[in-house]
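See structure below.
The values are calculated or read from the model by the stated rules, or taken from the named source; none is laboratory data. Here the structure is a predicted model, which means the values were calculated and not measured. Note that each Cβ is placed from the backbone with ideal geometry, even for glycine, and that neighbours are counted across all protein chains shown.
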């Protein structure tokens, strides 16, 4: 049957002489694999450039629930980036977010909250004029909640240490498993903010980097086979 949905391209692979195979995370069907034929021909009606990784599309597809590969009938951009392709810092953040999504999104069913969160992250990153230094730890924090293992509890003087394995704030410190009190407090404060407010929290650059390293460890503890994104190094170099 024909269905219409929206989504972001997470992977693309050339197939045959003129086709592309895509992995897209979609609003209605979660993660799906798609093929579009003839797209790399010189006279193709739809330019292949709109199927680049990180692009947002509205698509019409021939959908079969039990199929591992569905065919795209029509596609058009959902929105075009104004700044991400031309700003090295924003592009680095977008690449990091995309790689984390590639490693974490598995479900083949729609999740409106998760879809809207991802869309809003990219849209805000592209449009904002505020500092984006906190966006990666913010993204990792909020995504963890949508994936089902968000930090539990609150930072207090009696529970000043965040435990990566237990996923909660606690009284005692455990080497290699807990953040120190200062890092834990920043994590708790960042977790309380909305997307359009996260730039207001002033986090020292070294602590922000430590939070990203810690949150990646948090993901490793709670997601089977999760591996550190290669773009973590990009984050360390461009976000100060």
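Of the residues screened, residue 211 is not one that is in the same structural domain as residue 103 (by TED's automatic domain parsing), in a helix (DSSP H, G or I) and touching a strand residue (DSSP E or B) at 6+ places or on another chain (Cβ under 7 Å). Of all residues in segment 102-122, exactly one satisfies the criterion of being touching a strand residue (DSSP E or B) at 6+ places or on another chain (Cβ under 6 Å) and in a helix (DSSP H, G or I), namely 102. Scanning segment 116-131 for residues that are in contact (Cβ under 8 Å) with a residue 60 or more places away in the chain and either crowded, with 21+ Cβ neighbours inside 10 Å or farther than 13 Å from residue 199 by Cβ (or both) yields 118, 119, 120, 121, 122.
Residues in segment 154-203 that are over 23 Å from the mean Cα position of the chain (by Cα) and within 30 Å of residue 123 (Cα to Cα): 2 in all.
In segment 24-45, of all residues being touching a strand residue (DSSP E or B) at 6+ places or on another chain (Cβ under 6 Å) and either free of Cβ contacts under 8 Å to residues at least 40 places away in the same chain or in the same structural domain as residue 92 (by TED's automatic domain parsing) (or both), the one that is nearest to residue 8 (Cα to Cα) corresponds to 24.
For segment 14-71, residues that are buried (at least 16 other Cβ atoms within 10 Å of the Cβ), at pLDDT 85 or above and in a loop (DSSP other than H, G, I, E, B) total 7. Within segment 143-173, the set of residues being outside any loop (DSSP other than H, G, I, E, B), crowded, with 20+ Cβ neighbours inside 10 Å and either in contact (Cβ under 8 Å) with a residue 24 or more places away in the chain or outside the structural domain of residue 220 (by TED's automatic domain parsing) (or both) comprises 143, 144, 162. What number of residues within segment 183-201 are in contact with a helix residue (DSSP H, G or I) (Cβ under 7 Å, 6 or more places away or on another chain) and without any contact (Cβ under 8 Å) to a residue 40 or more places away in the chain? Residues meeting the conditions: 2.
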